[in-house]
Amino acid sequence: MADVILRLHIARKAFGARHVLGEIDIELGAREIVAIVGPSGCGKTTLLRIAGGLERNFDGTLDWRGGQCPRIGTVFQEPRLLPWRTVRENLRLAQETPDPALADKLLDTLGLLPFADSHPGTLSLGMARRASIARAFAVAPELVLLDEPFVSLDAEMAAQSRDLVLAAWRATPTAMLLVTHDRAEAESMADRILELGGEPSRIVAEIGVAAPRRS
């Protein structure tokens with residue numbers, strides 16, 4: 001694979017006596033979107049955290065391009081915005097080097113520019129999720145981690161949110177790892193799908209998506 005941003009080998013990951021993840025190998029391209037699917041409790045979020053360098057207590061290796069942790073943006077299940085800061089301030093605080101032009105470009109892309117000076121408490125849940133997506137991409141990330149960000153949304157809002165993530169990706173293309181239990185969701189966004197299964201969990205299938213939605 002050309003321009004690989006990370007290579008991950010997990011030999012074993014356990015929480016106490018519970019062996020969660022077995023042998024797993026993943027490579028991720030610099031502008032590739034990979035979805036991790038599997039049943040609840042199979043270790044999807046743990047795998048995501050290991051790939052992002054957030055969980056270091058495992059047997060194996062994590063190699064990033066250039067040997068240093070890439071800039072990472074994260075979209076959680078809940079927006080997790082600072083309530084005492086405006087939407088624009090939430091984005092700029094996330095940036096190591098302030099880039100007002102990028103922040104405003106993302107707010108415009110996601111339809112939030114008219115609400116840039118609003119506080120999160122005045123936003124609907126859908127708008128707050130958009131702000132969370134914008135914040136993740138505002139750091140000019142090399143890697144974006146998405147941990148079931150659409151799980152609590154109805155079908156229409158989830159579809160709109162997926163479209164918005166892809167809009168942000170098109171504005172600033174980057175590698176993305178998406179954790180989801182929804183196969184259709186994975187197929188609508190990803191280049192490849194990694195399916196976890198077994199005990200401990202391993203990659204039981206790797207599925208290439210013929211025509212992921214990019215336009």
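Brief remarks on what is shown
- Filter result (under 24 Å from residue 43 (Cα atoms) and either outside any helix (DSSP H, G or I) or at pLDDT 90 or above (or both)) within segment 142-164: 142, 143, 144, 145, 146, 147, 148, 149, 150, 151, 152, 153
- Restricted to segment 1-51, and to residues there that are among the hydrophobic types (A, V, I, L, M, F, W, C) and in a loop (DSSP other than H, G, I, E, B), the residue that is farthest from residue 141 (Cα to Cα) is 17.
- Segment 28-49 residues that are closer than 16 Å to residue 184 by Cβ, paired with ones that are surrounded by fewer than 23 Cβ atoms within 10 Å (Cβ to Cβ) and aromatic (Phe, Trp, Tyr) (beta carbon under 9 Å, 6 or more apart): 33/169
- Filtered residue count, segment 71-83, keeping only those that are touching a strand residue (DSSP E or B) at 6+ places or on another chain (Cβ under 8 Å) and modelled with pLDDT of 85 or more: 5
- Looking across 121, 126, one residue alone is modelled with pLDDT of 90 or more and in a helix (DSSP H, G or I). It is 121.
The values are calculated or read from the model by the stated rules, or taken from the named source; none is laboratory data. What you see is a predicted model, and the numbers here were worked out from it, not measured in a lab. Note: ideal-geometry Cβ built from the backbone for every residue, glycine included; neighbour counts use all protein chains shown.
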